[in-house]
Amino acid sequence: MNEIRKFPLSFNILIIALITYSILIATSCHYERLTGDATLYLSIAEKYIRGDFSNAINGYWGPLLSWLLVPLLYIGASHVFAVNALSLIFGF
């Protein structure tokens with residue numbers, strides 16, 4: 001028959017937290033605030049896009065975040081949107 005499936009309380013809390021986090025990230029997308037690290041990761045990602053691989057290698061910042069920013073920047077996303085989109089993905 002028609003059974004209503006109940007989710008555990010912890011799952012419901014997780015869903016509410018993820019929705020709240022998504023709303024907070026989405027509403028902060030229009031602010032032009034980037035940290036110093038974010039601007040350097042963006043600079044490295046732009047070097048990868050240009051093909052300047054010898055200057056993109058850096059001893060202080062790992063390449064993974066820059067590699068993940070490359071597709072977003074390549075399609076023309078703004079810097080703030082790209083950083084916030086990755087924050088949202090990492091948050092989930």
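The values are calculated or read from the model by the stated rules, or taken from the named source; none is laboratory data. Fair warning: this is a prediction, and the values are worked out from it, not measured in the lab. Virtual Cβ from ideal backbone geometry, glycine too; neighbours counted across all protein chains shown. Accessible surface areas use protein heavy atoms only, side chains included; no ligands, DNA or RNA. Shrake-Rupley method; radii C 1.70, N 1.55, O 1.52, S 1.80 Å.
A dipole drawn for the chain from +1 and -1 charges on Cβ atoms has a positive end, and of 20, 65, 78 the residue lying farthest that way is 20.
A DSSP coil position with no more than 16 other Cβ atoms inside 10 Å describes the following trypsin sites (Lys or Arg not before Pro) in segment 6-92: 6, 33. A Gaussian network model of the chain, with springs between Cα atoms under 10 Å, assigns the largest mean-square fluctuation among 81, 53, 11 to 11.
Gain on full extension, evaluated as 0.36 nm per residue between residue 64 and residue 86 minus their Cα-Cα distance, stands at 6.8 nm.
Just checking the listed ones, 59, 51, 36: in the Gaussian network model of the chain with Cα springs under 10 Å, the one fluctuating most is 59.
In the chain, the longest principal axis of the Cα atoms and the axis of helix 64-74 are about 90 degrees apart.
Average accessible surface for the chain: 76 Å² per residue, computed with a 1.4 Å probe over protein heavy atoms with every protein chain in place. Tally Lys and Arg at +1 and Asp and Glu at -1 over the other residues with C-beta under 13 Å from the C-beta of residue 74: what net charge comes out? Every neighbour counted, the sum reads +1.
Compared with the dominant principal axis of the Cα atoms in the chain, helix 79-91 is inclined by about 40°. Between residue 15 and residue 37, take the C-beta separation as r, use R0 = 41 Å, and let me know the FRET efficiency to the nearest 0.05. That gives a FRET efficiency of 0.85.
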